[in-house]
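Notes follow once the structure below has been shown.
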There are 2 protein chains.
Amino acid sequence: MTNIAMVEAAAKRLAGKAQRTPLLSSPFLDKIARRRLFVKAECLQHTGSFKFRGAWSAISALPEEDRAKGVIAFSSGNHAQGVAMAAQRHGIASVIIMPSDAPTIKIENTRALGAEVVLYDRDRENRAEVAAQVNMDRGLTLIKPFDNAYVIAGQGTTGLEIAEQARSKGVEDADTLVCCGGGGLTSGIALALEKHAPGLRVRPCEPEHFDDVTRSLLSGRIEVNKRTSGSLCDAIITPSPGEMTFPILNRLCGPGIVVSEEECLHAMVLAFERLKIVVEPGGAAALAAALFHGDRIKTDDVIAVATGGNVDKSIFQQALQRFGETE
Amino acid sequence: MTNIAMVEAAAKRLAGKAQRTPLLSSPFLDKIARRRLFVKAECLQHTGSFKFRGAWSAISALPEEDRAKGVIAFSSGNHAQGVAMAAQRHGIASVIIMPSDAPTIKIENTRALGAEVVLYDRDRENRAEVAAQVNMDRGLTLIKPFDNAYVIAGQGTTGLEIAEQARSKGVEDADTLVCCGGGGLTSGIALALEKHAPGLRVRPCEPEHFDDVTRSLLSGRIEVNKRTSGSLCDAIITPSPGEMTFPILNRLCGPGIVVSEEECLHAMVLAFERLKIVVEPGGAAALAAALFHGDRIKTDDVIAVATGGNVDKSIFQQALQRFGETE
């Protein structure tokens with residue numbers, strides 16, 4: 001089980017390797033949120049999402065002999081790029097197993113970061129079997145996206161930075177909204193804040209129809225989404241919280257806030273206009289909650305984590321078309 | 001004349017007031033630039049450009065009695081918003097004189113930051129006379145956009161951060177490219193680097209037809225642009241370097257690099273895709289130089305300052321349409 005000492009140890013391993021991302025603000029957004037709003041711009045992290053932190057943390061924690069053999073991961077998204085880059089910068093091999101219908105650009109980006117990409121047919125092949133075959137003689141270590149104690153610890157370093165940055169801005173009591181898929185980032189941040197900024201309470205934010213964490217926190221046990229696809233917020237539509245993340249979430253976080261896709265797109269445009277950052281739909285869920293669900297928030301200040309910026313150009317253009325000021 | 005002690009003093013006044021903007025990078029951009037490329041994301045500064053630094057520096061340096069009376073500035077762009085917000089956060093009045101044909105959104109944004117906006121008719125009125133009339137009994141202090149020693153010192157704090165951040169990344173010898181209008185930022189950064197990172201040489205970057213600084217550095221005297229409008233890079237089409245900035249530029253900077261509007265739009269899209277930041281055309285000139293004029297650069301590493309992100313939605317969409325990867 002990840003603990004705060006592991007988060008602090010991960011921060012030491014990540015020092016000088018991860019970007020220290022800024023905590024941004026704008027009086028225009030404060031006005032919409034009706035309170036002071038601070039945005040942790042984790043979309044500016046290497047590879048465009050917080051995932052690099054967890055990947056680096058996990059890889060750097062491996063015994064040297066294991067690490068030298070390389071790592072393997074399943075992902076067509078942000079975790080893939082985080083693992084690929086962290087492996088490349090460690091000088092080790094990475095194999096990323098992706099569905100063959102993943103967008104070409106994501107396959108190419110992951111390859112460009114030095115990964116060996118292995119494609120499988122979602123309908124006819126089992127990805128675990130594909131991975132087992134690839135890994136038959138290689139001894140690659142599997143890096144799971146959230147149910148890995150070192151990954152959670154790495155994501156938690158975001159929380160250590162938030163604690164410091166909030167204090168320097170005089171923020172001591174604030175709901176801290178985090179876009180939540182499997183809960184790796186959310187639980188890691190919660191561990192960091194529990195010790196370093198106990199007035200900051202973590203609240204997971206999720207898109208409609210994919211509110212497994214919100215429901216799990218209400219029922220006290222792991223709930224599962226009915227739908228598994230069909231959301232613009234593809235980065236955070238994991239079917240359920242993880243077995244390692246849920247106990248932490250359950251102890252420290254909540255209640256969750258559920259936002260619509262429309263609100264995420266609108267939040268993306270406001271982030272473009274007022275913060276000058278690029279956020280993907282799933283990475284804008286927390287910001288959308290802060291901006292459009294202020295009635296659910298009781299603190300004078302609020303912090304939202306913008307978790308990623310890997311958005312397709314066409315979706316970004318669609319958002320710009322529909323929202324935002326006209327000149 | 002601004003000196004390094006003034007830059008260091010400005011940094012103290014700005015501590016906790018300005019954003020410390022990150023120095024970003026991407027292996028994808030390194031590949032295009034054919035060297036390590038670091039981008040100082042000053043578009044993430046308050047009000048979306050570095051101008052907040054100079055405005056805060058100048059206002060905070062005023063004798064208290066003068067400051068209490070308020071400040072005045074001429075600008076329809078980034079300087080207007082920087083002055084308005086810096087004044088508001090000092091709790092003092094600001095008057096911004098703008099042409100009546102300035103985009104409504106810029107007028108509204110400046111007003112929303114607490115400024116009193118006074119419009120004048122470009123064809124029939126003289127802005128200095130308009131300002132004199134507004135200021136008849138008020139004792140407002142004029143904050144010039146670059147020919148003000150404290151403004152230059154404030155912009156120079158960007159250079160102090162670059163020096164520290166570059167050192168922490170092991171960068172000791174690198175051309176440092178800065179988008180250049182009147183030269184306030186460029187000269188301020190040059191003063192900071194002269195002392196704190198002497199291996200980083202500042203080179204001004206300008207759009208075609210507005211290369212007054214590049215030509216001035218070649219001839220050794222202040223040259224003037226023939227055109228005064230008609231560029232997408234509106235933030236940096238000042239007619240000539242300033243009387244206070246040129247001596248510093250001439251002593252420390254160059255040679256300049258001239259880029260096309262096309263290259264700026266392309267650089268904006270690459271910043272969107274790879275760094276997740278929003279950059280305006282004039283704020284992308286240095287990045288465009290780093291990416292597309294590598295043959296002019298001799299150092300193994302290069303630093304580019306992305307100076308602002310206040311781009312109209314329609315221009316951003318146009319850039320996305322024309323450049324960038326397709327999915």
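The values are calculated or read from the model by the stated rules, or taken from the named source; none is laboratory data. Owing to the predicted nature of the structure, the values given are computational and were not obtained by experimental measurement. As a convention, Cβ positions derive from the backbone with ideal geometry for all residues, glycine included, and neighbour counts pool all protein chains shown.
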* Asked: Is one or more of the residues making up the range A:125-133 within 21 Å of the chain's Cα centre (by Cα) and either surrounded by fewer than 24 Cβ atoms within 10 Å (Cβ to Cβ) or of a type in the set (Lys, Arg) (or both)?
  -> no
* Mind listing just one residue for me: the one in the range A:235-265 that is within 14 Å of A:Ile315 (Cβ to Cβ) and touching a Ser or Thr at 6+ places or on another chain (Cβ under 9 Å) and, of those, surrounded by the most Cβ atoms within 10 Å (Cβ to Cβ)? => A:Ala235
* Structure fact -> Note: among B:Ala55, B:Ala68, B:Ala80, just one is more than 20 Å from B:Val269 (Cα to Cα), surrounded by fewer than 21 Cβ atoms within 10 Å (Cβ to Cβ) and more than 14 Å from every other protein chain (Cβ to nearest Cβ), namely B:Ala68
* Just to be sure, is A:Thr228 assigned to a loop (DSSP other than H, G, I, E, B) and among the polar types (S, T, N, Q)? -> yes
* Structure fact -> Within the range B:29-70, residues in contact (Cβ under 8 Å) with a residue 12 or more places away in the chain, in the same structural domain as B:Gln88 (by TED's automatic domain parsing) and of a type in the set (Asp, Glu) come out as B:Asp66
* All helices (runs of 4 or more DSSP H) inside the range A:255-327 with 2 or more residues being more than 15 Å from A:Arg36 (Cα to Cα) -> A:261-270, A:313-322
* Asked: Looking at (1) touching a Leu at 6+ places or on another chain (Cβ under 8 Å); (2) at negative phi, which is the only condition A:Thr47 fails?
  -> (2)
* Asked: Is there a residue being in contact (Cβ under 8 Å) with a residue 40 or more places away in the chain, closer than 26 Å to B:Gly170 by Cα, in contact with a helix residue (DSSP H, G or I) (Cβ under 9 Å, 6 or more places away or on another chain) and of a type in the set (Asp, Glu) anywhere in the range B:269-289?
  -> yes
* To do: Could you please find all residues in the range A:194-239 being modelled with pLDDT of 95 or more, charged (D, E, K, R) and more than 18 Å from A:Pro255 (Cα to Cα)?
  => A:Lys195
* Could you please find all residues in the range B:281-327 being surrounded by fewer than 20 Cβ atoms within 10 Å (Cβ to Cβ), within 14 Å of another protein chain (Cβ to nearest Cβ) and of a type outside the set (Val, Ile, Thr)? => B:Asp312, B:Lys313, B:Ser314, B:Gln317, B:Gln318, B:Leu320, B:Gln321, B:Arg322, B:Phe323, B:Gly324, B:Glu325, B:Glu327
* Can you tell which of B:Ser100, B:Ser26 is crowded, with 18+ Cβ neighbours inside 10 Å and either in contact with a strand residue (DSSP E or B) (Cβ under 9 Å, 6 or more places away or on another chain) or outside the structural domain of B:His293 (by TED's automatic domain parsing) (or both)? -> B:Ser26
* Structure fact -> Scanning the range B:170-190 for residues that are at negative phi, touching a Leu at 6+ places or on another chain (Cβ under 7 Å) and either of a type outside the set (Ser, Thr, Tyr) or assigned to a helix (DSSP H, G or I) (or both) gives B:Ala174, B:Val178, B:Thr186, B:Ser187, B:Ala190
* Structure fact -> By residue number, the members of the range A:191-223 that are free of Cβ contacts under 8 Å to residues at least 24 places away in the same chain, over 26 Å from A:Gly309 (Cα atoms) and not in a helix (DSSP H, G or I) are A:Pro198, A:Arg221, A:Glu223
* Structure fact -> Quick count over the range A:1-33, residues being under 15 Å from A:Met268 (Cα atoms) and within 14 Å of chain B (Cβ to nearest Cβ), is 6
* Look at the range B:93-140 and say how many of its residues are touching a helix residue (DSSP H, G or I) at 6+ places or on another chain (Cβ under 8 Å), within 14 Å of chain A (Cβ to nearest Cβ) and either assigned to a loop (DSSP other than H, G, I, E, B) or within 19 Å of B:Asp234 (Cα to Cα) (or both). => 6
* Would you mind finding the one in A:Gly139, A:Gly91 that is among the small types (Gly, Ala, Ser), surrounded by fewer than 23 Cβ atoms within 10 Å (Cβ to Cβ) and in contact (Cβ under 8 Å) with a residue 60 or more places away in the chain? => A:Gly139
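A quick yes/no check of all residues on (1) in the same structural domain as A:Lys69 (by TED's automatic domain parsing); (2) without any contact (Cβ under 8 Å) to a residue 12 or more places away in the chain:
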site: A:Thr110; (1), (2): yes, no
site: A:Gly114; (1), (2): yes, no
site: A:Glu125; (1), (2): yes, yes
site: A:Gly170; (1), (2): no, yes
site: A:Gly183; (1), (2): no, no
* **Checking A:Arg36 against (1) in contact with a strand residue (DSSP E or B) (Cβ under 7 Å, 6 or more places away or on another chain); (2) more than 12 Å from chain B (Cβ to nearest Cβ); (3) more than 22 Å from B:Gln45 (Cβ to Cβ), the condition it does not meet** => (3)
* Being farther than 16 Å from A:Thr307 by Cα and of a type in the set (Gly, Ala, Ser) is the filter; apply it to the range A:253-277 and report the residue that is farthest from the other protein chains (Cβ to nearest Cβ). => A:Gly254
* For residues in the range B:92-132 being of a type in the set (S, T, N, Q) and at pLDDT 95 or above, which is nearest to A:Ser26 (Cα to Cα)? -> B:Thr110
* Asked: Is it true that B:Asp137 is charged (D, E, K, R) and in contact with an Asp or Glu (Cβ under 9 Å, 6 or more places away or on another chain)?
  -> no
* In the range B:138-157, the residues that are under 13 Å from the mean Cα position of the chain (by Cα) and of a type in the set (S, T, N, Q) -> B:Gln155, B:Thr157
* Any residue in the range A:233-247 that is out of contact with any strand residue (DSSP E or B) (no Cβ under 8 Å at 6 or more places or on another chain), touching a residue at least 24 places away in the same chain (Cβ under 8 Å) and within 14 Å of another protein chain (Cβ to nearest Cβ)? -> yes
* To do: Working carefully through the options A:Gly199, A:Gly170, find the one that is more than 18 Å from A:Arg13 (Cα to Cα) and in contact with a strand residue (DSSP E or B) (Cβ under 8 Å, 6 or more places away or on another chain).
  => A:Gly199
* To do: Being within 20 Å of B:Met6 (Cα to Cα) and among the hydrophobic types (A, V, I, L, M, F, W, C) is the filter here, so list the residues in the range B:44-77 that pass it.
  => B:Phe50, B:Phe52, B:Ala55, B:Trp56, B:Ala58, B:Ile59, B:Ala61, B:Leu62
* What do you reckon, is B:Gln155 within 14 Å of chain A (Cβ to nearest Cβ) and modelled with pLDDT of 95 or more? -> no
